[in-house]
Amino acid sequence: MKTRLSLGQQSTLLSLALFGVILLVWQLATLPETQTLAADVDPEYAALMGGGGASQASSFPTPAAMAQTLWDKLSDPFYDNGPNDKGIGIQLAYSIARVLAGFFLAAAVAIPLGFVIGNSRVFYQALDPYVQVLKPISPLAWMPLALYTIKDASASSIFVIFICSLWPMLINTAHGVANVRKDWLDVSRTLEVNPLRKAFRVILPAAAPTILAGMRISMGIAWLVIVAAEMLVGGTGIGYFVWNEWNNLSLTNVLFAILMIGVVGMALDSVFGVLSKRVAYQE
Amino acid sequence: MATKLTSPFLQIENLARAYPSPTGGDAVTVFDHVNFHIDKGEFVCVTGHSGCGKSTILNILAGLDSATTGNVFMDGREVSGPSLDRGVIFQGHALMPWLTVLENVSFAVKSRWASWNKQKVRDHAMRYIELVGLKGAEHKKPSQLSGGMKQRVGIARAFSIEPKMLLMDEPFGALDALTRGVIQDELLKICAETQQTVFMITHDVDEAILLSDRIMLMSNGPHARIAEIVNNTLPRPRERSAIHKHPHYYPIRNHMVDFLVSRSKQFGALRDAPDAPSSPAVFDAAGLIESEPVAASTPSVGKPHIHLVNA
């Protein structure tokens with residue numbers, strides 16, 4: 001008897017198969033290569049170059065080495081042996097804290113400002129050129145200015161997160177607020193709803209899906225930018241960890257950090273996925 | 001029906017609305033010299049072709065739009081903006097999709113009586129939800145309701161604030177004929193119970209005859225006016241299944257249809273004539289039947305006697 005697999009089961013199987021293929025290719029690519037001595041090369045020179053006929057392990061980590069690192073790092077994520085040797089949990093916590101600080105500061109500015117811009121054509125048109133010029137600037141370009149004025153590396157990276165999270169939230173809030181259906185506004189006008197109640201009970205829920213979409217984009221960008229920002233400012237954080245391990249030539253740790261960045265990014269995004277579902281409405 | 005008081009409940013004087021021309025020429029006057037009044041407890045329908053400015057008039061009455069010239073007085077006070085005294089039932093129900101039925105109605109109730117506690121607001125809202133027959137669906141979101149049910153929520157919301165006057169902009173235009181009939185019957189019942197003053201726009205001749213005390217017929221725009229007023233002499237209470245048997249039914253209906261088909265166009269030329277009537281002609285079926293006894297019987301020829309909802 002044939003049993004049909006559900007769609008979920010099929011895709012899980014395919015995912016696992018793909019994982020197997022990746023591991024296999026990875027394993028094959030990192031197999032120790034045995035270098036046979038070329039006849040016309042001076043053996044002494046070859047030995048000098050690290051060949052010497054001996055089998056040599058690839059400097060790129062094998063899946064097994066990677067698994068070992070994963071286990072080691074994740075089983076003790078919060079140790080602290082000084083500035084250059086902290087657990088991955090601590091490094092990630094620094095990064096997440098900076099991202100959240102910058103992100104919520106940006107939300108505190110962007111959402112009220114977006115409300116004002118979305119409600120007023122005059123404000124919209126007055127601020128539009130600024131937004132258009134400031135938006136395409138790479139957030140890292142602000143770093144020297146931030147370091148000069150704020151004079152604190154950690155605060156500067158928070159500022160960079162702030163500036164990069166600001167624009168998607170601002171634009172989406174303004175767009176969402178400006179496009180609230182006229183019917184709903186007319187209803188609140190005929191019911192003589194006061195402005196504050198209208199803002200929170202009508203406009204905010206009506207624009208919430210658009211606003212949240214902006215927040216989600218902002219969070220995604222913020223998580224991308226924090227790695228680069230921390231590579232620049234150093235000290236703590238997952239970005240610094242990556243750079244530090246590159247300087248240590250520990251590709252295993254770099255690879256491990258890359259994986260962690262992906263996992264945390266996914267987790268942050270899924271939080272907004274849940275929130276989006278909660279504020280979504282069907283007309 | 002309309003017994004004239006010294007000062008009518010709603011008085012509209014010389015209302016006109018002009019829009020700037022899209023091509024940059026002279027402003028386009030949609031309607032002008034619109035005068036009418038509505039007495040307390042009266043149900044007035046207005047009908048006319050698209051573009052004659054019916055919805056604009058309603059929006060001006062609601063305070064959502066403003067007239068170019070003219071005034072609207074309600075209860076002796078000038079209407080200058082939206083007010084809880086005038087409830088509006090919108091064409092596209094205009095429910096807030098993130099709120100449940102109960103929350104939608106409660107939102108209106110809370111707007112009217114801000115000092116009421118939760119329980120009182122809820123009880124009041126529930127009373128009107130029951131009135132429109134939606135008990136049991138109060139925790140549903142609008143997206144889970146049919147078109148007819150959504151419009152009922154709109155009706156419950158408008159009635160729940162107990163406005164002095166109700167404004168309806170083609171409230172049943174988007175509903176199928178059967179649902180429309182059912183809701184019209186309910187509206188008829190609720191209006192009879194509450195003695196609600198209503199101003200309603202409709203394109204549906206039968207709907208107007210079923211519901212209204214008076215029907216205002218508007219000529220075509222631009223420069224639309226209230227060309228004629230029909231006194232709906234059909235006695236109340238009215239039954240959908242029986243009204244077409246009344247001798248006044250077809251004279252009224254034919255008069256309206258004739259107006260909409262032909263006279264609404266001709267009025268434009270008439271208006272500029274030096275002897276143009278300064279006030280709309282009033283059609284009264286009672287007078288007509290007395291003078292022309294034949295008129296009552298002729299229209300029934302070729303008319304279906306089984307008259308479902310809206311032919």
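Read the figures in this text as sums done on the coordinates, not as results from a lab. The structure displayed is predicted, hence computed values, not measured ones. Positions of Cβ are backbone-derived with ideal geometry, glycine not excepted, and every protein chain shown enters the neighbour counts.
Looking only at other chains, what is the average number of their beta-carbon atoms within 10 angstrom of each beta-carbon in A:196-206?
2
Going by Cα centres, the range A:95-167 and the range B:39-100 are how many Å apart?
Spelled out, the Cα-based centre of one part sits 44 Å from the other.
Of A:212, A:127, A:170, which has the largest mean-square fluctuation in a 10 Å C-alpha GNM of chain A?
Largest GNM mean-square fluctuation: A:127.
Per-residue Cβ counts within 10 Å, from other chains only, averaged over B:107-113: what number is that?
Neighbouring Cβ atoms belonging to other protein chains average 4 per residue here.
Does the range A:88-279 classify as rounded, prolate or oblate by the C-alpha gyration tensor (a ≥ b ≥ c root eigenvalues; a/c under 1.5 gives rounded; else a/b over b/c gives prolate, otherwise oblate)?
prolate
For the range B:108-177 and the range A:232-283, what is the separation of their C-alpha centers, rounded to whole Å?
48
What residue among A:235, A:82, A:114 shows peak mean-square fluctuation when chain A is described by a Gaussian network model with Cα springs under 10 Å?
Of the options given, A:82 has the highest mean-square fluctuation.
Hey, fewest Cβ within 10 Å first, where do A:223, A:246 land in order?
Ordered from fewest to most neighbouring Cβ atoms within 10 Å, A:223, A:246 come out as A:246, A:223.
May I ask you to derive the FRET efficiency for residue A:78 and residue B:66 from their Cβ-Cβ distance with R0 = 41 Å, giving the value to the nearest 0.05?
Computed FRET efficiency for residue A:78 and residue B:66: 0.05.
What is the angle, in °, between the Cα long axis of helix A:63-75 and the longest principal axis of the Cα atoms in chain A? Nearest 10 is fine, range 0 to 90.
For helix A:63-75, the angle is close to 50 degrees.
Please sort A:258-267, A:84-93 by packing, taking for each peptide the average over its residues of neighbouring beta carbons within 10 angstrom, highest first.
The packing order, highest mean first, is A:84-93, A:258-267.
What is the calculated FRET efficiency for residue B:193 to residue A:100, with r their C-beta to C-beta distance and R₀ = 56 Å, to the nearest 0.05?
Given R0 = 56 Å and the Cβ-Cβ separation, E is 0.45.
Compute the long axis of helix A:238-247 from its Cα atoms, compare it with the longest principal axis of the Cα atoms of chain A, and write down the angle in degrees, 0 to 90, nearest 10.
With rounding to tens, the tilt is 20 degrees.
Connecting C-alpha atoms closer than 10 Å in a GNM of chain B, tell me which of B:97, B:251, B:20 has the biggest fluctuation.
In this elastic network of chain B, the residue with the biggest mean-square fluctuation among B:97, B:251, B:20 is B:20.
How far is it, in nm, from the label point at residue B:286 to the one at residue B:135 when both lie 7 Å from their Cα along the line to the Cβ?
It works out to 3.9 nm between the two label points.
Excluding residue A:223 itself, what net charge comes from residues whose Cβ is under 14 Å from its Cβ, given Lys and Arg +1 and Asp and Glu -1?
That works out to 0.
Just to verify a number: FRET efficiency for residue A:278 and residue A:224, C-beta to C-beta distance, R0 = 25 Å, to 0.05?
0.50
Take the residue pairs A:182/B:140; A:182/B:265; A:182/B:118; B:118/B:164; B:120/B:164 and return only those whose Cα atoms are more than 26 Å apart.
Exceeds cut-off: A:182/B:265; A:182/B:118.
Where does helix A:121-134 land angle-wise versus the long Cα axis of chain A, in degrees 0 to 90, nearest 10?
20
If you take every DSSP beta bridge whose two residues both sit in chain B, what share of them, in percent to the nearest 5, is antiparallel?
Approximately 45 percent, going by the DSSP bridge assignments.
Return a whole-number percent for the relative contact order of chain B, with Cα pairs under 8 Å and 6 or more residues apart as the contact set.
After rounding, I find 21 percent.
Hey, quick one: spin label on residue A:68, modelled 7 Å out along Cα-Cβ, who in the range A:248-283 has an amide N within reach, i.e. under 16 Å?
Hits in the range A:248-283 for residue A:68 at 16 Å: A:250-256.
Looking at the square roots a ≥ b ≥ c of the eigenvalues of the Cα gyration tensor of chain B, which shape do they give, rounded for a/c under 1.5, prolate if a/b is larger than b/c, or oblate?
oblate
So the label point goes 7 Å from the Cα of residue A:134 along Cα→C-beta, right? Which residues of the range A:195-219 then have their backbone N under 11 Å from it?
none
Among all the aspartates and glutamates, which ones have a C-alpha under 18 Å from residue A:86's C-alpha, if same-chain residues fewer than 8 places away are not counted?
Residue A:86 reaches A:72, A:76, A:230, A:245.
Once label points are set 7 Å from the Cα along Cα→Cβ at both residue B:177 and residue B:26, what is their separation, rounded to one decimal in nm?
4.4
Rounded to the nearest 5, what is the percent of antiparallel bridges among the DSSP beta bridges in the protein assembly as shown?
Rounded to the nearest five, the antiparallel share is 50 percent.
Return the distance in nm (one decimal) between the two label points of a simple spin-label model at residue A:246 and residue A:121, each offset 7 Å from Cα along Cα→Cβ.
A separation of 5.0 nm, rounded to one decimal place.
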